[in-house]
Amino acid sequence: MRTLSSALLASCLIAAPLFAQGAPAPAPARAPAKSPVSTSQGYLDAGQAELNRLLAEKPNNRKARNVIIFIGDGMGVSTLTAGRIFEGQQLGLDGESFVGEMDRLPHTALVKTYSHDAQVPDSAPTATAIVAGVKTRNGVIGVGPEAVENDCAASAPFKVQSLFGMAEDRGLATGIVSTATITHATPASAYAHTAQRDWEVDANMPAAAKAAGCTDIARQMVEWPHGNGLDVMLGGGRQHFIPATMADPEYPKAKGKRADGKDLIATWSAANPKGAYVWNSDSFAAVDPRNATKLLGLFEPSHMQFEADRTAAGNKEPSLAEMTTKAIAMLSKNRKGYVLMVEAGRIDHAHHGGNAYRALQDTVALNAALKAAMGAVDLRDTLIVVTSDHGHAFTMAGYPERGNPILGVVSAPVGTPTLAKDGKGYTTLGYANGPGAVSAAERSDPAKEDTGALNYRQQALVPLSSETHGGDDVVARAAGPKAHLFKGTIEQNTIFQIMRSALGFK
Ligand SMILES: [Zn+2]
């Protein structure tokens, strides 16, 4: 079973040399931030305050005008916990008790992520479950379990309708925001139907699929037949929209990837003369939502930068929070309402590369985007959902002392590494498999390395070129109309039903 496309794998590894062998000596341990609670009475009081908040919760049974679904790709529970501690410690606070933006959402369900044919899913069937309500086969998007992966003709009759298509058909506005390519599995689930998630551009498609009438995902986005089309599309993947003969505006030595010679950006601009097309942070910032009818932003030939690299010299890209804010400003002009997906698409890629730092920094960026959205909407009429499509083989383990740096080696007390049976230290964060695996004999001593370095790759057990997804449950959290339906343990496809019901769509 194919679990990861070669393009995706490459993208995991090209952004930076993800290895820090021979890294400088670790920085001296900082004194951990103090716990805000230090007595038994303090814990009882804090628990009482949380109980009071729970008792005061009243279900919001209104109809939702708007739905915003945030997806942290690959953001399993261990990522949520480590990300929370990472964010709190970055702020100089007590990480363990830190309350991140996601933690504030009042309603939560556990979500079963298996796909129709796999115990551990990829992002194509999981996204289809979330936005179209149907579990399907690994590798396919927007088609049901009757489809056959890689077979256009056999899959074409089994298209399933997404919440985005339903919204457009009813006159609502729609938008997708992702730090991955905008044609990647998760955002593509909003608008595409394909027997193969890697068919992001026609050059990736076999002749048989083209002959059978299937089109690539980029073209499906531009030619989407619902309503007036997607109103906001912000992400990476520029190369999938321009011909192989055309130079990229940001990297003139790079060319587009389209084999059919089509310039889909020109096609879109011609069809949307009052729409704005942008490709860097300056042109993005210049867009006035009051004037532009639609917004297409493609900020990298492939995926956008990881948040940890985004602000480095030359990377002129908006943050996930900035894209979210502008998307909401654009979409909220529609009085009927809107449906928006915001994906932190690269938590997943950093994990595949065995690099916790970038995965956690992108998780913090998702929190910032959520915070921006919470400040821009009215929860009386807007349902906000935050979930993940699947977990990863990512662990947080050992017995580090409270306040130990989350990227550090297990230490108790802080600064005194706990040693394994081979006399070496070990990090709190690790992977069950992936590129960080080495044999026991050649295992280096993390206690002598800078495990907090951006490029540090955590050790792993089973050697794989790319770390894998996990099959454990993820969580969905929510606020706003019908958010209280997120409770218990639910199937991933039920998320669609709750959103659909909240919007009052039949
Ligand atoms: Zn993945």
Matching residues in region 268-300 - criterion: being touching a strand residue (DSSP E or B) at 6+ places or on another chain (Cβ under 7 Å) and either in a helix (DSSP H, G or I) or at positive phi (or both) = TRP268, SER269, PHE284
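What number of residues within region 442-468 satisfy the criterion of being in contact with a strand residue (DSSP E or B) (Cβ under 7 Å, 6 or more places away or on another chain) and under 13 Å from ILE406 (Cα atoms)?
2
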Cβ-Cβ under 8 Å pairs, at least 6 apart or on other chains, region 456-481 side in a loop (DSSP other than H, G, I, E, B) and within 16 Å of the ligand (Cβ to nearest atom), far side among the aliphatic types (A, V, I, L, M) and modelled with pLDDT of 95 or more = LEU464/ALA437; GLU467/ALA393; GLU467/ALA460; THR468/VAL120; THR468/ALA393; GLY471/VAL120; ASP472/VAL77
query = Does ALA359 meet the test of being among the aliphatic types (A, V, I, L, M), surrounded by fewer than 20 Cβ atoms within 10 Å (Cβ to Cβ) and farther than 17 Å from VAL99 by Cα?
reply = no
ask   = Yes or no: GLY452 in contact with an Asp or Glu (Cβ under 7 Å, 6 or more places away or on another chain) and touching a residue at least 40 places away in the same chain (Cβ under 8 Å)?
value = no
query = Restricting to helices (runs of 4 or more DSSP H) lying wholly in region 115-211: which have 1 or more residues that are buried (at least 24 other Cβ atoms within 10 Å of the Cβ) and within 16 Å of the ligand (Cβ to nearest atom)?
reply = 123-132, 185-188
request  = Among the numbered conditions (1) under 30 Å from SER38 (Cβ atoms); (2) within 16 Å of the ligand (Cβ to nearest atom); (3) assigned to a strand (DSSP E or B), tell me where GLU343 comes up short.
outcome  = (1)
Complete set of residues in region 285-310 that are over 21 Å from the mean Cα position of the chain (by Cα) and either surrounded by 19 or more Cβ atoms within 10 Å (Cβ to Cβ) or within 15 Å of ALA180 (Cα to Cα) (or both) = ALA292, LYS294
Residue tally, condition assigned to a helix (DSSP H, G or I), among the hydrophobic types (A, V, I, L, M, F, W, C) and within 16 Å of PRO106 (Cα to Cα), over region 26-79 = 5
query = Here is a list of conditions, (1) surrounded by 14 or more Cβ atoms within 10 Å (Cβ to Cβ); (2) away from the ligand (no atom under 16 Å from the Cβ); (3) not polar (S, T, N, Q), and GLY76 meets all of them except one; can you say which number that is?
reply = (2)
note = Going through region 479-499 in order, the residues found to be buried (at least 20 other Cβ atoms within 10 Å of the Cβ), touching a Leu at 6+ places or on another chain (Cβ under 8 Å) and at negative phi are ALA479, PRO481, ALA483, PHE496, ILE498, MET499
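Considering each residue of region 434-455, count those that are in a strand (DSSP E or B) and closer than 30 Å to VAL386 by Cα, and give that number.
1
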Index of the failed condition, ALA376 passing every other in (1) under 29 Å from THR126 (Cα atoms); (2) of a type in the set (Gly, Ala, Ser); (3) in contact with a strand residue (DSSP E or B) (Cβ under 6 Å, 6 or more places away or on another chain); (4) away from the ligand (no atom under 16 Å from the Cβ) = (3)
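Yes/no per residue for (1) more than 16 Å from the ligand (Cβ to nearest atom); (2) closer than 30 Å to MET499 by Cα; (3) not in a loop (DSSP other than H, G, I, E, B):
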| site | (1), (2), (3) |
| --- | --- |
| SER302 | no, no, no |
| GLY314 | yes, no, no |
| LYS326 | yes, yes, yes |
| ASP362 | no, yes, yes |
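For every residue, the table says whether it meets (1) at pLDDT 95 or above; (2) within 27 Å of ASP122 (Cβ to Cβ); (3) crowded, with 19+ Cβ neighbours inside 10 Å.
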position	(1), (2), (3)
PRO417	yes, no, yes
GLY423	yes, no, no
ALA440	no, no, no
SER444	yes, no, no
THR451	yes, no, yes
TYR456	yes, yes, yes
ALA460	yes, yes, yes
GLY470	yes, yes, yes
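The values are calculated or read from the model by the stated rules, or taken from the named source; none is laboratory data. Quick caveat: nothing in here was measured; it's all calculated off a predicted structure. As a convention, Cβ positions derive from the backbone with ideal geometry for all residues, glycine included, and neighbour counts pool all protein chains shown.
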